Amino acid sequence: MNLNLKNVMRRIGFPILFFTFVWILFRNPGNVWVSYGTISVMIFAGILLERWIPFEEEWNRKDSDLKSDLFFFLFQPILAPLTGNVTTLITIGLMSSLGIVSPNIEKTSLFFQVFLGMSLSGFIPYWLHRIAHVGGGFLWRAHAIHHSPKKLYWMNAFRSHPINTIWNTAGLLLPAVFLGLQAEAVMIVGLLNNFVSIFNHMNIDFRLGILNRVFNMGELHRWHHSQIPSEGNRNYSSGALSVWDQIFGSYFLPDQKIDSRSIGLFNPQSYPFGSLFKEFLFPICKCS
């Protein structure tokens, strides 16, 4: 019975969590305490699921760089909202000075605004992400810190260089600001993108089947973390949806299970492991 319940949760666990979160957000639009309280509970549930139905049991036993992980876990929730506020102010100011008027979207339904925001929010981060991988150079060095771990679990979602966090947050938010979406819709779009971005790093054996064509979850994102370039240079979607990978031909979901030992950087010998200070300087000075 226990085994059967685990199999059921592998198939329906993610839809239950995600759509429950959607329902709560739409029932309480703009309520910061309910929204962030709920996503915190969801993350805690995911941490428990990492132990109950792990994708790779070895990742639960393998030591991680806990000190660095804790730093990023505490740092990112400060930098990302700050970037969002600055991006909003700058964008609104530029639009005003240039005489650009937002479409009259704020008068449409909240559902339509969220749908539109979710559909468009991943476009800019997708291309910045793809350019970082295939172009190398400064953008790749700023992104490399996210690929440096040899395993995937919930804290990997927060492991991002400040430069990477700034471009990703700004890119996700710009379409919503330009369209003039209601603050409640912007908040829901941001939280749903964050929800999937955290859960697609979790060590949970969710199996979405056809829903992989919609959601950018772990079955897709683990391949993106492969240290084999032909596998890792795929599935660039940064938000909740996998649509841009399908449109631009980078969608990748083979039948076999990814080798858990293949997670990591393409060229680990060039990366400054073991020094958080050097990791932060890496985009600028290539410290190793």
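Which value in nm describes the separation of the simple spin-label points at Leu211 and Gln246, placed 7 Å from the Cα toward the beta carbon?
The modelled label-to-label distance comes out at 1.5 nm.
If you project the alpha carbons of the range 1-106 onto the principal axes, what extent comes out on each, in Å, largest first?
Cα extents, longest axis first: 63, 35, 22 Å.
Show Val86, Val134 ordered by accessible area, largest first, where the area counts protein heavy atoms only and the probe is 1.4 Å.
From most accessible down to least: Val134, Val86.
Stretch Leu94-Trp52 to full length: gain in nm at 0.36 nm per residue minus the Cα-Cα span?
Gain in length upon complete extension: 10.2 nm.
Once phi is turned into ³J(HN,Hα) by the Karplus curve 6.51 cos²θ - 1.76 cosθ + 1.60 with θ = phi - 60°, what whole-Hz value does each residue of the range 229-239 show in order, with x for glycine and proline?
My calculation for the range 229-239 gives x, 5, 9, x, 8, 9, 6, 8, 3, 9, x Hz in order.
Kindly provide the pair-distance distribution of the range 214-277 built from C-alpha pairs, with 10 Å bins from 0 and whole-percent values in order of increasing distance.
Reading upward from the zero bin: 22, 46, 25, 8.
Using the alpha carbons of the range 135-288, what is the convex hull volume per residue in cubic angstrom, as a whole number?
Convex hull volume per residue, Cα atoms: 127 Å³.
Sorted by packing (mean other beta-carbon atoms within 10 Å per residue), highest first, where do 270-279, 123-132 land?
Details: 270-279: 14.5, 123-132: 20.1.
Top to bottom by mean Cβ count within 10 Å: 123-132, 270-279.
What is the distance, in nm, between label points placed 7 Å from the Cα along the Cα-to-Cβ direction at Ala45 and at Leu5?
1.5 nm
Which part of the range 248-288 falls in the paramagnetic zone of Leu79, meaning amide N under 13 Å from the point 7 Å along Cα-to-beta-carbon?
Answer for the range 248-288: 276-284.
Compute the Rg/Rh shape ratio of the range 1-282: radius of gyration over Kirkwood radius, all on alpha-carbon atoms. Don't skip to the answer; put the middle values down first.
Details: Rg = 18.6 Å, Rh = 19.5 Å.
Rg divided by Rh gives 0.96.
Using only alpha carbon pairs under 8 Å that are at least six residues apart, calculate the relative contact order of the chain and give it in whole percent.
Computed over the chain, the figure is 24 percent.
What residues have an amide H closer than 5 Å to that of Leu241, excluding those fewer than 5 places away on the same chain, when H is modeled at 1.01 Å from N in the peptide plane?
Those qualifying (amide H under 5 Å, at least 5 residues apart or on another chain) are Asn216.
Report, in deg cm²/dmol and to the nearest 500, the calculated mean residue ellipticity at 222 nm for the chain, where each DSSP H run with n ≥ 4 adds -39500 (n - 2.57) and the sum is divided by the residue count.
Estimated from H runs of four or more residues: -20500 deg cm²/dmol.
At a 1.4 Å probe radius, which order do Phe138, Phe282 fall into by accessible area, largest first? Don't skip to the answer; put the middle values down first.
On the way: Phe138 95, Phe282 15 Å².
The ranking, largest first, comes out as Phe138, Phe282.
Can you run phi through the Karplus equation (6.51, -1.76, 1.60; θ = phi - 60°) for the range 151-164 and list ³J(HN,Hα) in whole Hz, with x for Gly and Pro?
Working through the residues one at a time gives 8, 10, 7, 4, 6, 4, 4, 8, 7, 8, 5, x, 5, 5 Hz.
Using the Karplus curve 6.51 cos²θ - 1.76 cosθ + 1.60 with θ = phi - 60°, what ³J(HN,Hα) values do you get for each residue of the range 219-224, in whole Hz, with x for Gly and Pro?
4, 8, 6, 4, 5, 5
Skipping prolines and chain starts, which residues have an amide H placed within reach, meaning under 5 Å, of the one on Phe55, given they are 5 or more residues away or on another chain?
Ile204, Asp205
Over 20 Å between C-alpha atoms is what I'm after, so list which of Lys150/Lys257; Lys62/Lys278; Lys6/Lys62 land there.
Distance filter (> 20 Å) returns Lys62/Lys278; Lys6/Lys62.
The values are calculated or read from the model by the stated rules, or taken from the named source; none is laboratory data. Because the structure is a prediction, the values reported are computed rather than measured. Note that each Cβ is placed from the backbone with ideal geometry, even for glycine, and that neighbours are counted across all protein chains shown. For accessibility, only protein heavy atoms count, side chains too; no ligands or nucleic acids. Shrake-Rupley method; radii C 1.70, N 1.55, O 1.52, S 1.80 Å.
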